[in-house]
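What follows is a short report on a single structure.
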């Protein structure tokens, strides 16, 4: 009886050791990546990306954030391994503001910044146009309006989001309102006009409606400078997990998935930054 009890105990301990070892190995082979819902989390959770990452020896655990201020803090505090939701202008502003030790390691895609309306615009005279109140995207929005002769010029020196019209010149009576990102698509739904980053439009409307509501877009040369990046802690830029994520993003299957799923609203634009 004692022998059986000892053997039984050894079996239980052995099973527990194997179970703990499996958990450890699973954790070591899982990469936790923070992302905003669309298109970022959709891309990361696609079979195309998961299979490409599996070929590199890893699995992914996607943490979805609605608040754009959280993913970089979570990464800097090492609550996640990487994030994928932002362009370098936004990341650099966050690093300057909060002293985050984070680096962009590769461009993945860009979302053209678009002027949206749910109806035809017969005249741009006296239009009130809503733009995002995020300083890293304000100049991008004003540059789009200037490039299309909707405003004559603008300056970013001393720019105050509460009085944006003090920083533009216009001969068409156009006025600008800087509002919270979450309200932009509602402005368009209510019949207004807004310049909106592509990811917000995609999250609210989906690719089909976002395309239908587009009035004008950034050129590829401009939009490409604002490509969304994979970011990691600076100490991890040469880590195997980082290399695996980059390899997955670079794969032809992921490229095809992005192009087939999002059409012209998300443009695949992979390039290494390290």
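Data for the structure
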{"quantity": "Whole-Å distance, taken between Cα centres, linking region 132-199 and region 207-274", "calculated": "25"}
{"quantity": "Rounded tilt (10° steps) of 135-147 against the dominant C-alpha axis of the chain", "calculated": "40"}
{"quantity": "Relative contact order (%) - criterion: Cα under 8 Å, at least six apart; region: region 114-217", "calculated": "45"}
{"quantity": "Mean Cβ neighbour count within 10 Å, used as a protection proxy, ranking 171-181, 100-110 highest first", "calculated": "100-110, 171-181"}
{"quantity": "Sequence ranges 265-271, 127-133, ranked by mean other-Cβ count within 10 angstrom, highest first", "calculated": "127-133, 265-271"}
{"quantity": "Residue among 160, 51, 83 with the largest mean-square fluctuation in a Gaussian network model of the chain, springs linking Cα atoms under 10 Å", "calculated": "160"}
{"quantity": "Added length on full extension, which subtracts the Cα-Cα distance from 0.36 nm per residue, residue 208 to residue 89", "calculated": "40.1 nm"}
{"quantity": "Separation in nanometres of the label points that stand 7 Å from Cα toward Cβ, at residue 222 and residue 256", "calculated": "3.4"}
{"quantity": "Estimated 222 nm signal from helices in the chain, with DSSP H stretches of n ≥ 4 weighted -39500 (n - 2.57), rounded to 500", "calculated": "-13000 deg cm²/dmol"}
{"quantity": "Rounded to 5, percent antiparallel among DSSP beta bridges of region 114-217", "calculated": "55"}
{"quantity": "Förster radius 45 Å - calculated FRET efficiency between residue 247 and residue 159, Cβ distance, rounded to 0.05", "calculated": "0.65"}
{"quantity": "Pairwise FRET efficiency - residue 135 versus residue 64, Cβ, R0 = 25 Å, nearest 0.05", "calculated": "0.50"}
{"quantity": "Among beta bridges that DSSP assigns inside the chain, antiparallel share in %, nearest 5", "calculated": "60"}
{"quantity": "Relative contact order of the chain, pairs being alpha-carbon contacts under 8 Å that are 6 or more residues apart, as %", "calculated": "29"}
{"quantity": "R0 of 45 Å, Cβ-Cβ distance residue 172-residue 101: FRET efficiency to nearest 0.05", "calculated": "0.50"}
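Each value in this text was obtained by applying a stated rule to the coordinates, not by laboratory testing. Computed from a predicted model, the values in this text were never measured in an experiment. When we count neighbours, we look across all protein chains shown, and the Cβ atoms used for this are built from the backbone with ideal geometry, even at glycine.
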